[in-house]
Amino acid sequence: MSWRSRLWWAAALALSVAGAAYVAAAPERGFAFFGYGGFCPGQEFYLFELNRVWSVAFAVPLLGYAGAPLLVLGFAACWLGTRRARPGLGRVLARVMATVVLVVYGAGPLAFAVDLAIDRACTGAWGGLAGLWFFLGPALAPVLAALCALAAVRLPRHRLRGLVSGRRFRRGAAVVLGVALLGLAPAADLASGPIRPLVCEPAYPYAKTVPTGENAFLCGARQGAQYPTFPDHRLLAFGREQCARYPGTTVHAAFLAPICPPAAADWQRELDAEEAAYARKEAESQAECDRFRHKPLIEPVRVARILEFSEIGLEAYEDHEDSEDDPVMHHDLVGSATGVLRIDLAADYEQCVTTETYRRRPPVEVKGWDKVIEIGYLSPTGDFTLRDPFDSPELPNLAVAGGGHYRVRVHYREPDWEAWTPQHLLVMVYPGRGDEVIDLKRTRRPAGGR
């Protein structure tokens, strides 16, 4: 064995041992980000097709540990062949084992190279630099080790020159080149093309019915910066190819639905099931609101009831120069300042909201409520409307006597935290002066008393 071969084998064995040590010492890894940067067949092949092969291949111990066992055996075969005067056989066995390692561990880098040649945005599909290191980092050492092993057993130059110039090699190369050209012919459709401006429905993909047509498909594919540099005809060809494979495809049914009837049927069933579940939950919540519907002890001027969902509570803010900001909250429930009143509620739970306006002070009711807080409020404009700050008003104006001083009595009942039932809010408003904050639940005043 020549010194050149020994040096290449030393590098191959060092790299393979380093790769095996990395695999053995590395903790259990996970990577959850998969971005989209375009049509990236290499990433799809790597994640979904190649992993099936690997799950079988890596069951063979010789293929594990970054290919180190196979490369060690290849070195042993080459060394024994030289010692037993059979160097040709030893080099052939070493080439076979190094080639197996190169094919198994080099498929990932090759897939990434193909994607990068098609569209540079495919780097996002691999998860950027972090994703590339996660997927391709463990393959670096075995690929380099296999290349070093192949360099260690390469043919002498005069034999290599004779092999390349031979008639069999030339014929074989011509056949391989012809097959490659035929195989690449369908890729001609992947040439650059136009990306026309689209008029997209704002409701997609939140519509209750599945949109149809090429325009809807392209709108869905362009949303969220997906496939930003992919020409329209390539996107459509990709979608039709995925539809032909459906349901054995890796893309979601919602993506294919506009141009793929089987995917559209499945996605419509999902939408209908979600809508039915939402309607069922809303009916249950409304039934809970009706079960605890408040019965006024005196006749109010106006009553309003809504089933609300607000993660930040309710607020009344009057657009006036005297209106203040950031009222002081009392008992983690209600705060008031000139022109602004805020009610904090538990996030993630629906709210059964009832407002009642009165001409005179209503009787105090505390039974069945967890908190009952009365507070003063000054309305500078007479537009006293509670609402979700990020939504349109659904409740009526509470300033029954126009601008001026009011007393606001806020009743609050907690939800069933485990059953996810709604929380209940009753707001009574009547004209009256005074800024005093009264915890009526704690003072336990009798009904109708002052």
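The values are calculated or read from the model by the stated rules, or taken from the named source; none is laboratory data. The shown structure was predicted, so the numbers you read here are calculated from the model rather than taken from an experiment. Cβ atoms come from the backbone with ideal geometry, glycine included; neighbour counts cover every protein chain shown. All accessible areas refer to the heavy atoms of the entire protein, side chains included, with ligands and DNA or RNA removed. Shrake-Rupley method; radii C 1.70, N 1.55, O 1.52, S 1.80 Å.
Within segment 308-320, the residues that satisfy the criterion of being more than 32 Å from the chain's Cα centre (by Cα) and not in a strand (DSSP E or B) are Glu318, Asp319, His320.
Residues that are in contact with a Lys or Arg (Cβ under 7 Å, 6 or more places away or on another chain) and either open to solvent by less than 20 Å² (accessible area, probe 1.4 Å) or among the charged types (D, E, K, R) (or both) within segment 293-315 comprise Gly313, Leu314, Glu315, listed in sequence order. Any chance segment 210-222 includes a residue that's assigned to a loop (DSSP other than H, G, I, E, B) and at pLDDT below 75? No: segment 210-222 contains no residue that is assigned to a loop (DSSP other than H, G, I, E, B) and at pLDDT below 75.
Note on segment 349-405: among residues that are of a type in the set (Gly, Ala, Ser) and within 43 Å of the chain's Cα centre (by Cα), the one that is surrounded by the fewest Cβ atoms within 10 Å (Cβ to Cβ) is Ser392.
Scanning segment 267-294 for residues that are farther than 30 Å from Thr357 by Cα and of a type in the set (A, V, I, L, M, F, W, C) yields Trp267, Leu271, Ala273, Ala276, Ala277, Ala279. One residue alone among Leu102, Leu110, Leu116, Leu89 is modelled with pLDDT under 75 and in a helix (DSSP H, G or I), and that residue is Leu116.
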